[in-house]
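Just so you know, all these numbers are worked out from the coordinates, no wet-lab data involved. Everything numeric here is computed off the predicted structure, so don't read it as measured data. Every residue, glycine as well, gets a Cβ built from its backbone with ideal geometry; the counts of neighbours run over all protein chains shown.
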Amino acid sequence: MKKHLVILMSLFSSIFLFSQQDIRKRSIKKTLQCNPSIFLSQTNQLKLVDTSTNPFTYNNIGLANSFNYNAMGYNPVDSFLYAIKVSNSNEIVKINPTNGIVTPIGNINKLPVATYINGEIDDVGNFYVMDNTFTDALYKVNLTTLTSTKITLSRKIYSADFAFNPINGLLYGVNSASDTNSPGDYGKLYTINPQTGIVNFIGSSYAGNQVYGAMMGVVTGELYGSENSGNFYQFNILTGERTLISGAPPSSGNDGAHCVLSSFTLGIDLYITKTDNKTQYIPGTSNTYTIVAGNNGPYGTLGATVSDPLPLNIPSSNMSYRVTSLSGGATSNVIGTQIGAINDKVNLPVGAKVTYEVIINVPYTYVGDLTNKATINAPVNSSNDINLANNTASDTDTTTICYKPGNFNMNGTPTRVGITNLQKQVGWPENIPNGFIALESKSTGLVITRVQNNTMITEPKEGMIIYDINANCVSLYNGSIWKCIKQDCNN
């Protein structure tokens, strides 16, 4: 009996695993034929979302149906749309996405009669629905047997639609109600674990009183939603933040659907500029750069990467940066002043830009050209940058100034004369080689002769030094002309 039981359990396990793998294989196979379009139901009319222009447009597919439906999802197993008849119904309908024809296929067993507005189908064909009340009841519908299973949620929520993420297996929506225990959850992005019913909220209440009646997920895990009063957004599933991707018409009595095993990308034109408004640097001083990262469109993007690596031979501690302005709805992860190289994630609606200030302290010992290169890159899955020519910006400064160490060879001639206002040390000033007079102080300075201009010196002598007030420099007479003393290499 034990052997038979083990064999039976093993056989059952194998059948179960095969069944699950078979479903996913069929689902993945269907991905090759999965319609990548975005669909919108509006009361009794199926529409195709035209994403070729900004703003999006909604085009009718076929004729309007004789009754309304909602809670729509796209089934990747058979490439049909499914929805629930409204209102106060548990009748499911099948919709042909090519011609909009709606076919009732029966009532769902164990699904209470209600008005269902949240609907989504996961990557293996499970249909999830939730009604239009403040509820803790989610239902999973088997589309083959037309039988539902209730999933009790960990708390009540209200939303107008949700979408499935095939990467982590969670449902996402925007909570449009709150209870007395957690009034701050209104407008937050939420997740539902359909295996456990656990509800979690993400980030802050970005949505305000906005209602997202058409949510959609894609095969790479990105999340999108159409707001009922207009506009199409992408959501950051880690922070709940949302970025305007495109304009869109307002809609009501609506629901969105998209194959969760299909990708979705839109064209953008990211750009970046960088300058320190000069062509030369001076070792031992600082360079201040302005970097501007923006998006020319035609669509917005979430999660673009702005990078500005350290220039060659510049220590990390010598470079700092901060965001000085955000415009057009742009957001950045940079808070306050940061040290080191820039590696920022930015969200950029069309026309938005982020401006950075970068300060590099150039070491005294720095030699050669100082080149600093900044780059902006589109997120991998959701955006296609249609113009890569403006994704990098480089600023190069040269220097004509050369620093060489002084000659402190102790074999030189000792300095014989010294003037100091400190306690004279033994061996000073003789321990300073190659000098005529050594001056020493910690609180006073040497003031050389100051004249309005060098013409005031009627009998200049070769080697004479003055401070020329008009020229604003220390000037040396070389025997024939006066010249300002400048930093240079004397070879």
Practice prompt. In square nanometres and to one decimal, what's the mean projected area of the convex hull around the Cα atoms of the stretch 267-397?
Written response: 7.5
Discussion item. I'm a student and want to see the number: the projected area of the Cα convex hull of the stretch 317-379, averaged over all directions, in nm².
Written reply: 5.2
Fill in: Kirkwood-based Rg to Rh ratio, the stretch 50-144, C-alpha trace
0.99
Fill in: Which label in (1) 1.27; (2) 0.98; (3) 1.05 gives the computed Rg/Rh (Cα atoms, Kirkwood Rh)
(1)
Practice prompt. Calculate the length of the line joining the C-alpha centroid of the stretch 34-110 to that of the stretch 197-264, in whole Å.
Written response: 18
Worksheet item: Applying the Karplus parametrisation 6.51 cos²θ - 1.76 cosθ + 1.60 with θ = phi - 60° to the phi angles of the stretch 390-399, what ³J(HN,Hα) value in whole Hz is obtained for each residue in order, glycine and proline being reported as x?
Response: 10, 8, 10, 9, 10, 10, 10, 10, 10, 9
Fill in: Karplus (6.51, -1.76, 1.60) ³J(HN,Hα), θ = phi - 60°, over the stretch 97-111, in Hz, Gly and Pro reported as x
x, 8, 10, x, 5, 9, 10, x, 10, x, 8, 8, 4, 6, 9
Worksheet item: Per-residue ellipticity at 222 nm for the chain, helices alone: DSSP H runs ≥ 4 residues times -39500 (n - 2.57), over residue total, nearest 500 deg cm²/dmol?
Response: -2000 deg cm²/dmol
Fill in: Angstrom value of the Kirkwood radius, inverse mean 1/r, which spans all Cα pairs in the stretch 413-457
12.5
Response to the item:
Env charge @ I105, Cβ radius under 10 Å, K,R +1 / D,E -1, value 0
Worksheet, complete the sentence: Under 5 Å from the placed amide H of N68, counting only residues 5+ away or on other chains, we find V86
Response to the item:
From the Cα centre of the stretch 441-491 to that of the stretch 130-155, the distance in Å is 89
Discussion item. Report, in listed order, any pair from K345/K373; K47/K150; K140/K188; K150/K188; K278/K353; K461/K486 with a Cα-Cα distance greater than 26 Å.
Written reply: K47/K150
Worksheet entry | Sparse-neighbour loop sites [trypsin sites (Lys or Arg not before Pro); the stretch 105-185; at most 13 other C-beta within 10 Å; DSSP] | K110
Worksheet item: In a Debye calculation with equal point scatterers on the alpha-carbon sites of the stretch 447-491 and no solvent, what is log10 I(q)/I(0) at q = 0.31 Å⁻¹?
Response: -1.22
Practice prompt. Please state, to two decimals, what the Cα-based radius of gyration of the stretch 33-264 comes to when divided by 2.2 N^0.38 Å (N = residues).
Written response: 0.91
Worksheet, complete the sentence: Scattering profile of the stretch 226-336 from the Debye formula, Cα beads only, expressed as log10 I(q)/I(0) at q = 0.17 Å⁻¹, is -1.00
Fill in: For peptides 275-282, 423-430, 122-129, sequence by mean Cβ density within 10 Å, most packed first
122-129, 275-282, 423-430
Worksheet item: Angle between the Cα long axis of helix 2-31 and the longest principal axis of the chain, 0 to 90 degrees, nearest 10?
Response: 70
Worksheet item: Within the stretch 447-491, what percent of beta bridges assigned by DSSP are antiparallel, to the nearest 5?
Response: 80
